Amino acid sequence: MLDFVVVFTKGGVVLWHSAASGGSFASCINSLIRGVILEERSTEAKYFEEDHLAVQFKLDNELDLVYAAIFQKVIKLNYLDGFLADMQAAFKDKFGGIPAAERLGNEYDFDREYRRVLSAAEEASAKQVKAPKAMRSYNESQKSKKTVASMIQDDKKPPAEKRVNIQESPPPSKSQPSSPPANGATMDDIIRENRRKLREKLTPTKKTSPGDSRPSKAAASEKAGKKPRVWDLGGNSKDAVMLDRSKDTPEDVQYQNINSELVGTMQGVIRDLDVESEDEAEDEEQSSSEEEEQLVQSKKNKRGGLLSYFKGIVGAKTMTLADLQPALEKMRDHLISKNVATEIAAKLCDSVATSLDGKQMGTFDSIASQVKEALTQSLVRILSPKRRIDIIRDALESKRNGRPYTIIFCGVNGVGKSTNLAKICFWLIENDFNVLIAACDTFRAGAVEQLRTHTRHLNALHPAAKHDGRTMVQLYEKGYGKDAAGIAMEAIKFAHDTRVDVVLVDTAGRMQDNEPLMRSLSKLIKVNNPDLVLFVGEALVGNEAVDQLVKFNQSLADYSSNENPHIIDGIVLTKFDTIDDKVGAAISMTYITGQPIVFVGTGQTYADLKAINVNAVVNSLMK
């Protein structure tokens, strides 16, 4: 059932693995380490999939180890959680005392324990699976016992349960006399007697007839007297008789001491207020001190010495999920208030809980400080680029190869694609690259005129006379209503023929749910095969950024016919100067795609374009 089981460090050093060859599973384990463990993207599911394989893993934060089991994705194994927990306990019992410095060079013989834990988990899982209930045969059913004779009813004979034996009188009721009728009474006599009783019952007079020897109800009640109510927890009848003073004369009533026999006979006792005497308090203090001494002695024997006991009280506490939950809830609310998407904030807190569960705090550390430190490290890791995006270096390499470096800008409506394209163009001109702007927004009115105005201003800032007669910015446009993919292809060919260094392709803004426009964007990227695809997003959005990026990436992948479609490579975050310290959109966007934020727009001039400062963003989030 299990293809491969392995125990390794969070850095990827394998300590032990099952007898099966792990060569075919190396890529799956490496993907788990890179994409989940090192990025701390693991949640409570502890589940990872790649191709046809699935990995279920468990983190041991105390020893910084990972226990992983690989199996086929189509198979559902319900015992893996318990199996990994038992395997962790067995491995820790056997090798937990090895120092961290000697842990990598040690040999781990864990085969026997592994087989024992696996067989126990499989047996427990087999017992839980209930066999389907076998169907009864026809001979065992009630229907098979029915015969034709049993189904025939004799109209002359009433059913057995409805027969009335007139020889035996029914039990006496309140309206019937206790004496039964004569044995020779017929049905007519019984009916006549019942009618007489009914007339007597409906008669309004309360007087008893002279011939009737039965006493009236009032006389019977006076004779019987009122019966006292008996409570379930009221004690026995002897107590009630002794406590009843209703029949005593005033001369007999006197103060009496409660007999010692009555103490403790009550079953339901209401607890009195606890009033301790000095002797009882001294006895309890003495017993509690003795218990504390025994506890201290056991701690000393277990941990070895007074210093170890002091360490156990002051620090070195093992953190659990219950301890971390209050601090994580406050941290999640804090992240949401900083404009981090709700889903992303919850995932970040889950990853922090996973990384801290089972770790020991320092001597004078608090849970809040540990959570804050772990979250800070996680945010820095998320914002740090996973791959190098160096536009200047890549553009120089393309120039040496004799082809233009192409960048396509995409995004939703009104986020500032054209404006930030002009800012990036100014930055490229400052680095001595001549640029061709392709006006592929053939839908929005005024889009071409806006780029023409930017081209004129940029050429005024960097005239050809300062660059050996080269025109630094050119505009390639074919008007409105044309195919954007065709215009971009023509612009790239024109740049190649005129030896232009960089081509910046402006596209129309589109909502992420507009399927025709998303198909046209996927076609534009597929046909022209750009070097870089930048998504332009606003820093003002929170949850919307997640939806935008997910659907843009999904559309570029779904509507492309390539086996490896070109999706978003980086992010340009605009309007960054309007949000003060609510910079959570940077975390939301980067967490979803894993792609870095290449540029940040911060003002209204061409020079207001900056690279993101990871530490400054994280400090703004955490303060």
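The values are calculated or read from the model by the stated rules, or taken from the named source; none is laboratory data. Bear in mind that the values here come from a model prediction, so they are computed numbers and not experimental data. Here the Cβ is made from the backbone with ideal geometry for all residues, glycine too, and neighbour counts use every protein chain on show. When the accessible area is computed, the model is the full protein with side chains, heavy atoms only, and any ligands, DNA or RNA have been set aside. Shrake-Rupley method; radii C 1.70, N 1.55, O 1.52, S 1.80 Å.
For this structure, a couple of remarks:
- Q604 satisfies every condition listed in (1) surrounded by 22 or more Cβ atoms within 10 Å (Cβ to Cβ); (2) polar (S, T, N, Q); (3) assigned to a loop (DSSP other than H, G, I, E, B) except (1).
- E544 meets each of the listed conditions (1) touching a residue at least 24 places away in the same chain (Cβ under 8 Å); (2) under 28 Å from the mean Cα position of the chain (by Cα) apart from (1).
- Output for region 398-425, where each listed residue is over 46 Å from the mean Cα position of the chain (by Cα) and either over 30 Å from R34 (Cβ atoms) or free of Cβ contacts under 8 Å to residues at least 40 places away in the same chain (or both): K399, R400, N401, G402, R403, P404
- Residues of region 64-80 classified as in contact with a helix residue (DSSP H, G or I) (Cβ under 8 Å, 6 or more places away or on another chain) and either of a type in the set (K, R) or loosely packed, with under 13 Cβ neighbours inside 10 Å (or both), total: 1
- Selection within region 543-579: residues that are part of a loop (DSSP other than H, G, I, E, B) and hydroxyl-bearing (S, T, Y). The member of this set that is modelled with the lowest pLDDT is S561.
- Residues satisfying the stated conditions in region 4-20, i.e. crowded, with 19+ Cβ neighbours inside 10 Å and under 28 Å from the mean Cα position of the chain (by Cα): F4, V5, V6, V7, F8
- Some residue of region 468-475 being in contact with a strand residue (DSSP E or B) (Cβ under 9 Å, 6 or more places away or on another chain) and touching a residue at least 60 places away in the same chain (Cβ under 8 Å): no
- Inside region 489-542, residues that are in a helix (DSSP H, G or I) and either open to solvent by 50 Å² or more (accessible area, probe 1.4 Å) or farther than 29 Å from A346 by Cβ (or both) make up a count of 22.
- The residue list R403, R393 contains one member that is over 17 Å from I492 (Cβ atoms) and not β-branched (V, I, T), which is R393.
- The set of residues in region 440-467 being among the β-branched types (V, I, T), in contact (Cβ under 8 Å) with a residue 24 or more places away in the chain and more than 18 Å from C410 (Cα to Cα) is empty.
- Members of region 385-402 found to be open to solvent by 70 Å² or more (accessible area, probe 1.4 Å) and modelled with pLDDT under 90, listed by number: P385, K386, R387, R388
- When L475 is tested against (1) in a loop (DSSP other than H, G, I, E, B); (2) touching a Lys or Arg at 6+ places or on another chain (Cβ under 8 Å); (3) of a type in the set (A, V, I, L, M), just one condition goes unmet, and that condition is (1).
- If you check D93, D51 for being farther than 16 Å from F25 by Cβ, open to solvent by 60 Å² or more (accessible area, probe 1.4 Å) and not basic (K, R), only one passes: D93.
- Residues satisfying the stated conditions in region 364-384, i.e. over 26 Å from the mean Cα position of the chain (by Cα) and open to solvent by 90 Å² or more (accessible area, probe 1.4 Å): F364
- Among the residues making up region 611-621, those that are surrounded by fewer than 16 Cβ atoms within 10 Å (Cβ to Cβ) and either in contact with a strand residue (DSSP E or B) (Cβ under 6 Å, 6 or more places away or on another chain) or in contact (Cβ under 8 Å) with a residue 12 or more places away in the chain (or both) are A611, N615.
- Given (1) free of Cβ contacts under 8 Å to residues at least 12 places away in the same chain; (2) open to solvent by less than 100 Å² (accessible area, probe 1.4 Å); (3) within 36 Å of the chain's Cα centre (by Cα), number of the condition E123 does not satisfy: (2)
- Comparison of A438, A465, A445 shows that the only residue that is open to solvent by 30 Å² or more (accessible area, probe 1.4 Å), hydrophobic (A, V, I, L, M, F, W, C) and either modelled with pLDDT of 95 or more or part of a helix (DSSP H, G or I) (or both) is A465.
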